[in-house]
1. For region 86-108, enumerate the residues that are hydrophobic (A, V, I, L, M, F, W, C) and either at pLDDT 95 or above or closer than 23 Å to ARG69 by Cβ (or both).
2. Any idea how many residues of region 52-111 are of a type in the set (Ser, Thr, Tyr) and not in a strand (DSSP E or B)?
3. Could you list all residues from region 80-118 that are closer than 26 Å to GLU57 by Cβ, surrounded by 14 or more Cβ atoms within 10 Å (Cβ to Cβ) and of a type in the set (A, V, I, L, M, F, W, C)?
4. Going by the conditions given, is ALA42 in contact (Cβ under 8 Å) with a residue 40 or more places away in the chain and more than 21 Å from PHE146 (Cβ to Cβ)?
5. Which condition does LEU48 not pass, out of (1) outside any strand (DSSP E or B); (2) out of contact with any helix residue (DSSP H, G or I) (no Cβ under 8 Å at 6 or more places or on another chain); (3) loosely packed, with under 15 Cβ neighbours inside 10 Å, if it passes all the others?
6. For region 119-147, what are the residues that are assigned to a loop (DSSP other than H, G, I, E, B), out of contact with any Lys or Arg (no Cβ under 8 Å at 6 or more places or on another chain) and buried (at least 17 other Cβ atoms within 10 Å of the Cβ)?
7. Among the numbered conditions (1) among the hydroxyl-bearing types (Ser, Thr, Tyr); (2) without any contact (Cβ under 8 Å) to a residue 24 or more places away in the chain; (3) in contact with a His (Cβ under 6 Å, 6 or more places away or on another chain), tell me where SER143 comes up short.
Amino acid sequence: MLPDHHPFLVRLLAAVEHDLPEVAHWPLDHLCYRVDSAQRYAAINEALAEHGVLLAESTIGGRPIATYRLHRPLRFKGRSIHVIEVPAPKPGSAYPEGWEHAEFVADVPLATLVEAHPQLPWELDDLHKTLNPDLRLRYAGFSVKFHERSLEAVIAGEQGSRPERA
């Protein structure tokens, strides 16, 4: 269905844990898998529907983004990753297919995280969003985002339901 997530997470965690050692104790909320065409978006969604439940498909930034809760989570070094996000390609933008980013739920306010690590090249554009603000760090070939609430909790709140527990 999806390529092995292990090589991606080895690189990602090595980079982010070097910069933010506390991330080792934070929930890895979800992974994002990018596709390169509308046809691949449909095919990946069809495959994920067999292995999970569609939590939401929303139009964000002019393109659909599907979010699935897997029946059997991905596992990595004691972590269980239940949620996968799949954005359709933006019109006119070409992306290579593959794992693109991971998102963590921080156990401190995001502003505190920035204050504690002022040397990091934080992207603060989405820090003041009203719904699920986030911070981003970009690395070579991937990025990492940080939130105060899980994506599943945000979706459940929008839909007026409760998120499933791990």
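The values are calculated or read from the model by the stated rules, or taken from the named source; none is laboratory data. These figures come from a predicted structure and were not determined experimentally. No Cβ is skipped: glycine too gets one built from the backbone with ideal geometry, and neighbour counts run over all protein chains shown.
1. Kept after step one, since they are hydrophobic (A, V, I, L, M, F, W, C), are these residues of region 86-108: 86, 88, 94, 99, 102, 104-106, 108.
Selection gives VAL86, ALA88, TRP99, ALA102, PHE104, VAL105, ALA106.
2. Step one: filter region 52-111 for residues of a type in the set (Ser, Thr, Tyr), giving 58-59, 67-68, 80, 93, 95.
Now drop any that are not not in a strand (DSSP E or B), which leaves 93, 95.
The qualifying residues number 2.
3. Listed by number, the residues that qualify are ILE81, VAL83, ILE84, VAL86, ALA88, TRP99, ALA102, PHE104, VAL105.
4. Details: in contact (Cβ under 8 Å) with a residue 40 or more places away in the chain: no; more than 21 Å from PHE146 (Cβ to Cβ): yes.
For ALA42, the condition - in contact (Cβ under 8 Å) with a residue 40 or more places away in the chain and more than 21 Å from PHE146 (Cβ to Cβ) - is not met.
5. Unmet for LEU48, out of (1) outside any strand (DSSP E or B); (2) out of contact with any helix residue (DSSP H, G or I) (no Cβ under 8 Å at 6 or more places or on another chain); (3) loosely packed, with under 15 Cβ neighbours inside 10 Å: (3).
6. Selection gives PRO133 alone.
7. (2)
Yes or no, residue by residue, for (1) in a loop (DSSP other than H, G, I, E, B); (2) under 16 Å from SER80 (Cβ atoms):
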{"site": "PRO3", "(1), (2)": "yes, no"}
{"site": "VAL10", "(1), (2)": "no, no"}
{"site": "LEU13", "(1), (2)": "no, yes"}
{"site": "VAL16", "(1), (2)": "no, no"}
{"site": "ALA24", "(1), (2)": "no, yes"}
{"site": "ASP29", "(1), (2)": "no, yes"}
{"site": "ASP36", "(1), (2)": "yes, no"}
{"site": "ALA43", "(1), (2)": "no, no"}
